[in-house]
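Just so it is clear, none of the values below were taken in a lab; they were calculated from the coordinates. No experiment lies behind these values; they were computed from the predicted model shown. Ideal geometry is used to build each Cβ from the backbone, glycine not excepted, and the neighbour counts take in all protein chains shown.
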Amino acid sequence: MTQTLIRRNIKLSHEFDSYVACHPRLLDRIPNKAEVVITSAKDKKLSEANLNIIRNARTGRFVVAHKKDGRWSIVKEARKTKARKISRSKHE
């Protein structure tokens, strides 16, 4: 992630925190131990970079917090589970 994207991510994270401070019921939509991945309708490049966190994760529980028209919503939940290696017997 570039320095520019990091700065935009910090700004968007601050906006999310400020919104949640005024609308704490939004937290009810975030499951315990879930990681929040933030996206924005106005910043497709940043959103795509952040969604890659979920795509590249091996395990975890994620929710996407999306900002559109000044409002935030929790738009989806994703779970990534570690793939199990299945071994076959030599006799199959």
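Details
- Considered as a group, the residues in the range 40-50 that are touching a residue at least 12 places away in the same chain (Cβ under 8 Å) and surrounded by fewer than 16 Cβ atoms within 10 Å (Cβ to Cβ) include one that is nearest to Trp72 (Cα to Cα), and that residue is Ala41.
- Considered as a group, the residues in the range 16-39 that are under 25 Å from Ala57 (Cα atoms) and of a type in the set (D, E, K, R) include one that is nearest to the chain's Cα centre (by Cα), and that residue is Glu35.
- Filtered by the rule that a residue be in a strand (DSSP E or B) and either over 17 Å from Phe16 (Cα atoms) or polar (S, T, N, Q) (or both), the range 35-76 gives Thr39, Ser40, Gly60, Arg61, Ser73.
- Pair list, Cβ under 9 Å, 6 or more apart: the range 7-25 residue farther than 17 Å from Leu46 by Cβ, other residue surrounded by fewer than 15 Cβ atoms within 10 Å (Cβ to Cβ): Val20/Leu27; His23/Arg71
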